[in-house]
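The values are calculated or read from the model by the stated rules, or taken from the named source; none is laboratory data. Here the structure is a predicted model, which means the values were calculated and not measured. Methodologically, a virtual Cβ is constructed for each residue, glycine included, from the backbone with ideal geometry; neighbour enumeration extends over all protein chains shown. Just so you know, the surface numbers come from the protein's heavy atoms only, side chains and all, with ligands and any DNA or RNA stripped out. Shrake-Rupley method; radii C 1.70, N 1.55, O 1.52, S 1.80 Å.
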Amino acid sequence: MAALRAAKQALRKEIKRRVAALSDEEKLRQSSVLSKQLFRHPKYVSCKRIAVYESSSNHMDMLQLRSLQDMETLPLTAWNIQQPAAEDSSREEALSAGGLDLILMPGLGFDSLGKRLGRGKGFYDTYLERCMKHPKGKPYTIALAFKEQLLPEIPVDDNDVLIDEVLYEKDL
């Protein structure tokens, strides 16, 4: 287990170095390509529920957003992520209200088999386990990645939940 943790930490450091080496223009260019892929993706087009997470300690929930403008009014976290304030109880939690169709998965690195290298806290893996127990089941999961975040293989353990698809700019 310690060897796996060390391997993951080394990969996190390497991927952060790769992404940091990208120019802002290249990040913007690849992001534009990925956005177009996502917005045309059948799972995205057919998705009925959009949610964001709210975390406290090691717990994460997906909460309702009413519109893009609603999201833009959310406060920023220390991670520079817009999310509802902890005391905001006005939002419906996805698993108590019908589940989710799609989760866009964050991560530092990905491989072609759906293995994901997160930041090491297990928030998304834990949430996906909760989804699997929901009557609707696990939502389809898509990661958006710069080419520099792709690796031949990501080491995983039994707690790591595979994602369904990674979108990235494919070489022509």
Enumeration of residues in the range 137-163 that are of a type in the set (G, A, S) and closer than 10 Å to G109 by Cβ: A143, A145
Residue under evaluation S89, criteria (1) in contact (Cβ under 8 Å) with a residue 60 or more places away in the chain; (2) open to solvent by 60 Å² or more (accessible area, probe 1.4 Å), criterion not met: (1)
Selection count, the range 114-144, where residues are touching a residue at least 40 places away in the same chain (Cβ under 8 Å) and under 21 Å from K13 (Cα atoms): 11
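Considering only the range 92-110, how many residues are surrounded by fewer than 19 Cβ atoms within 10 Å (Cβ to Cβ) and touching a Pro at 6+ places or on another chain (Cβ under 8 Å)? Before the answer, list the steps.
Our first condition is that a residue be surrounded by fewer than 19 Cβ atoms within 10 Å (Cβ to Cβ); within the range 92-110, this holds for 92-93, 95-99, 101, 104, 106.
This time we only want the ones that are touching a Pro at 6+ places or on another chain (Cβ under 8 Å), so: 99, 101.
Total meeting the criteria: 2.
From the list Q30, Q37, pick out the single residue that is modelled with pLDDT of 75 or more and either in a loop (DSSP other than H, G, I, E, B) or open to solvent by 30 Å² or more (accessible area, probe 1.4 Å) (or both).
Step by step, each of Q30, Q37 is checked, and only Q37 is modelled with pLDDT of 75 or more and either in a loop (DSSP other than H, G, I, E, B) or open to solvent by 30 Å² or more (accessible area, probe 1.4 Å) (or both).
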